[in-house]
1. Let me check against my output: what whole-number percent is the relative contact order of the stretch A:32-172, with C-alpha pairs under 8 Å and at least 6 apart?
2. Taking only Cα atoms of the stretch B:32-167, what ratio of Rg to Rh do you get with Rh as the Kirkwood inverse-distance radius?
3. Beyond 32 Å between alpha-carbons counts as too far, so tell me which of A:Lys212/B:Lys687; B:Lys123/B:Lys321; B:Lys124/B:Lys264; A:Lys198/B:Lys700 fall in that bin.
4. Just how large is the dipole of the stretch B:32-167 about the Cα centre, in debye to the nearest 20, putting +1 at every Lys and Arg Cβ and -1 at every Asp and Glu Cβ?
5. What is the fewest-to-most order of B:Ser370, B:Ser828, B:Ser747 by other Cβ atoms lying within 10 Å of their Cβ?
6. Treat the count of other C-beta atoms within 10 Å as a stand-in for reagent exposure and order A:Phe131, B:Phe545 from fewest to most.
7. With a 10 Å Cβ neighbour count serving as the proxy for reagent exposure, in which order, fewest first, do A:Phe268, A:Phe52 appear?
8. Going toward the positive end of the dipole of the stretch B:90-159, with +1 on Lys and Arg Cβ and -1 on Asp and Glu Cβ, which of B:Val94, B:Trp136, B:Ala146 do you reach last?
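Where a number appears in this text, it was derived from the coordinates with a stated rule and is not lab data. Just so we're clear, the structure is a prediction, and the values are computed from it rather than from any experiment. Neighbour counts are summed over all protein chains in view; Cβ atoms, including those assigned to glycine, are modelled from backbone coordinates with ideal geometry.
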Amino acid sequence: MVSVMGKALNKLKRKIRSKGEKLCEKSDNVIREGLDDIPFEADGFRVVPWKFNEDAEHFCLLGIKEHKVRKSCLEKPLGRTLLVTEVPPSFTIDVIKHIFSNFGDILEVIFQAKPTVHAATMSISTNYPSFDDQSLRGYKVAYVVFSEAEAVSKALSHVFNTPFLVSSVDNFANGLQSFVMKYNAELVDEESLLLEAKQFLKGYDEEENLRKEQEKSMGEPDEDGWVTVGSRGSKRGGFSRSEALTMKIGEAEKKKRAKKELVNFYTFQIRESKMKNIEEIQKRFEQDKRRIEMMKQSRRFRPY
Amino acid sequence: MKVPANLSENTENLQYANWIRLQIGDFLKETELPSEKQENLQKWMKNFGETLASIKFSDVVENKKFTCSVRTAGDLELEIGDSFCPSEAEILLVMPTEALRKSDYLNCTFLDKRRKMIERIQKKVLEITVGKIEHWSDHYPVLVVAPEGLGCHARVIIDVVLPEDFVGNSRFLPDRSNLRLNWFTSLCPEELRKFIPKNTCEEDNLIVSPFTNGLHARGSARLRIHDLMRKHLSADSSNLRDAYRLCCVWLRRRRLHGDKGMSKVVVAALLMWLCVKKRIHRDMSSYQILRNFWSFLANNGLRETGGISLEKAQNSVEMFKKHFPVVVLDPSGLYNVAQMMEEHVVDLIERGARHALNILSSRVDYAFQSLFVEDTDFYRQFDAVYSVPEATLERVCQWHGSWKFLMDRGLKTCGQEACVRNVLIPALGKALAARLERSIDALRALIHAELTCHCRAEYIGLLPSRTIGKQLIGVILARDALLTQFEKGPVVGTKEAEEFRALWGENRVQSRLMPDGSVVEAVVWAPEETRVPGGVVTRIIKHIFNLHFNSSTKKGKDGRVYMTADFDPVIFTASKRAAEVCSAAEELTKEIIGLKDAVLGVTSVQGISAVFGKFEPCPPQRLPSVNFRRREQGEDDGESESKKRKLDSAVANRLICPEYLETSDLCLKLETSGKWPTDVEAIRRMKTLLLADLGQKLNKAYGLKTAVTPDSLKVAKDGFVFSLFLGVERELTLMELTRDEKGVLLSRETQASAKLKRDVVGRPILMSHLNGLIGSYSGWSDGARLILRWIRAQMISREMISDEVIGLLIATIFACPKSLPLPTTCTSILAAFWSFIAGFDFTTLPIVLNFEKPIQLESIAAVKAEFVERRKELPPIVIITPFDHSGCEWTRSGPSWPVLLHLKKLCKAAVDLYEAGCCSDSFVPNGFFVPSLELFDAVIKLRPMAVVRRNDVVHFSSFVKEAKKDRLFSGKTKYPDSFPVLNFDPVSMYVTELEEHLEDAALVFHDVYGGNIIGIVWKNLDADAEAKKRLESRHLITADGNKRGLLSIAATLGQDICESICERGNDGNLVDVFGGL
């Protein structure tokens, strides 16, 4: 079984390698001004050079490859999703869209701290960013979901002759201007905010009512007179399995046992508890010795 | 490790004593003088003694050549010398009888002969090694020699003494006179004659000289004591010897050793006496002996025993008590071994002993380190240090009544010191009696600066390079010393009242009717009078100096009266501003809680900003230019509110930023309700609606201006803007809930839930506890502000060390005092903080911080037990508190090890600078708040216009002037009825962005309170291969390690904020790489 799996993997690797070599052969013929020392591919990623503006002396690199995992998720469909790595903190969704929009229609761009199989929680409103979005700091990865599968291969086969200029993106600014924009973006219109909140809660209430009704209907006999017995809701006999509850039960059991148990009653118990205490003290003593050794090492004073 | 539940207090005590004993045993073994070095030293002593014996004195007595017999005292001390306590030995050269005439015993001819002999010996000694003459009094020099090339420190005192029985023993008794006035009037130089009144008569010629008599008696007495020491501290009393060594080390660490402190001989004599009195026993362990010794000292043993006599010479003790504060008589009863010990030294020793017992009984882990390994910084022992102006000293000397006392002690050697001690300090003691820590006697903490220099120099094996002729008075204040502005005197018309008036001056004293109906004399200090650096205490000292000694105290002219609290202006306005914010918050709280018809009533309002913990150095400013008028019904603004608060793009284009205005955060707790949604997103919306409702009600009921955001409500109150947050426990629970694969509900902390928990649960508790410290420690608030400001001035950002962690570290100084004393003034608190951080071993010890609610022993034991094993997983600083038993809640996010080590280095440097600065005229306190650019590999200079916190800068330098000149926009919007721009600091935003971009490559330093530069330190990428690979793959650094790409990004991100970027060149200088940005 293992050998069959190994063969399959090797075959797959060879296929990918030959594909990459072909791409490199193809791209070797292209002249890349100022990018001589940069390879087309590094660590399995195609590189995309970029710089902030025309005047910037230095350019940086993004890495791209097709999103391929065993288990796909709805948000990141296989075949149509491109993984972009080394995305700088200041890049917005607009910038990523701008870079890859030439290869096809982009349905969505998802930012994440690290590449994962599942998608991070998406923000459903600009006013209430998701907790994942809030904790996003530093360099990140982006998943670009195209409408067509071709776009991914187009992007991977494209040769970036010159660094992409981030300043060419509309509404992108650097420095003071960007901070002003960021500050202004955080200010919200009170009326629309309250309206949004009310609408959301209205929808939530409707969903909750529906759920309650469904639950209620479960307890009633159906047309044939059968009653469906479920485990949801402690009021209806069952209880939800939670860690807290398990711990609570465990604690209660422990207390019960402790009440019944006679501690330090028999001679052997007294002897054992004394032994245990001595062992603890010895253990502490050994730990103290180790700590003193550490303290001696860390202090600067050395006599003689 | 699982700790048994029945771990009792006694077991803990036993284990703690074992922990200390273990360290003591290890320490004694480590510091013992190796036998090889011991032999070398003894060989050297033998050769040296032979050299001295061979010296022929020819020019001392006319036409007579003679040599002296040499006797050595102190070889026992040689055996117990170590690198902490240099070996001490004494060589006595006994003058032969042929060199003396019967008529010149103990007179000025003899003293002259003796002086010449010492000088002759010095010449000879200098051929072999280093030697220096020390004057124990004007007429009594001795030679102090430091052997070289032996690989250990040693100190040999060479004294020339009379042969035994040459002078009758009764001549050495303290009541006898062995000094004559005419020796001084004829021999002493002009500069010393000013001490002697001109109208002295013949009757004054005889001077009672207890101190000089003691010096003469010392020679033969020293040998007797030495024999006694040999007998008691012999090899079979090893525990007693170990205790003796530990005592000597403890004194040395406190700089209370040596001739002017408690000498080794005094320590040995006291131990012997305690042994005789059966208060210690030679079978006791060294630790137990030491504790008993401290207990004896702490209970005023030195003074209250009425004098100690080593053998049966108790009769003379009373005679000696009249002249010396501490009496420890030698077996002959003629020599007081402790005759050089001053009252103030006794005070400090007693204080030190009390502290040692406290620290041991509180079972802190670092007790041993603090008592025996770390030096106690000298000036840090005092809350304030005052320098006596020279003019004052002269005046004191001229009318000083006890000039005979001065002559005995030595006009030249300690004339000024004695004047200060006998005249100035009693006067100041009376004036400050109510404010001193203990009693009037506590103000004997006179420091002679030379002593400090000497101690320091001796430790590193050098002789003092300079002598500072300054008289400094150290003051240890009571906790509320700085608060009282009323000096209550005696009842009017009594004799005491007259004395009170004489002390304070007629103009200053008022008669006041007290609540009990009595009329008393009183001195009242107006608040504006005490608004000087150092507060009311400084004002009192200045007043007494001016009144009684007619001295001008202008700075720079007559010396500095006030030395160690010049930091006050840095935090002077902060306390006032913080009080205003807190009072506005209190009122707002009342209004919120008093609201009726709310959907859910507010049960509590807790402050979560540092300003509510009373340690924010730059509290929010009152908004100067915004009119928070109540909007009339039906009034139309024309534009929506949110648009008004937006930053004007035109303003941004002109590169001018509004002044920084900050909000203060409050956390609201609501009544419990079962109707909260069971979805986190729904709760977030519900909170917004509740806040909006609260805002409307506040506007309607009190006319307060409010604005709602998704997670907070901005409320303007009394010119300050507050951000109100709702703390909902259900939200926290829901955020932590997750289901595993089997569908079991698990409670797991996430990044977001941890943050929320800190904000709504942890921070309010922490702030209220820190705020509570004010009640117990008057100096907490100002001191903490100063420390926080100092750390930020060193460009250590909040991301590196948060305000909360700093608050906890500062609280540690108060709640668990590591070294004495408990600081009172803000300067001493700052110095205590430096000392604490520089000396604490964070690698091996957690900090245990007990607030009012003590932590259970079991919890502490459990954390400590795991500490060493789990050290690598734990953050660099672990602070265990009653509400955080893991000790990591606040320190998990920082500081990192590099930052902590950086802070430790800064603190060490600051302590050294402070200790050196107190002796120096060129002491510039604000220099502590200027960061050194040498630390940084690259420096980004900022445009003055972009720095919005320019009012918080410590130095109002040209930088601020430039900024003010260019400032066209000052937070005043064109919409007078709206909120101004709040919490907008582009530099901080830039720093955050920079940190994110350079996360793998560099540490970014910036002073959040208006710093005009950003410092960058490159990380060592060779040690972190993964980070290097990441940087290379992003093309941020090249393979050859060139980091220009990173600086290029920094320049682009800082567009319109940066002025220039400099990089450190190969020559070590900063070179512009991106200029004129």
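1. Reported as a whole number, the value is 33 percent.
2. With Rh from the inverse mean 1/r over Cα pairs, Rg/Rh is 1.00.
3. B:Lys123/B:Lys321
4. For this selection, approximately 740 debye.
5. Lowest to highest Cβ neighbour count: B:Ser747, B:Ser370, B:Ser828.
6. With the fewest neighbours first, A:Phe131, B:Phe545 line up as A:Phe131, B:Phe545.
7. By the 10 Å Cβ count, ascending: A:Phe268, A:Phe52.
8. Looking along the dipole axis, the top candidate is B:Val94.
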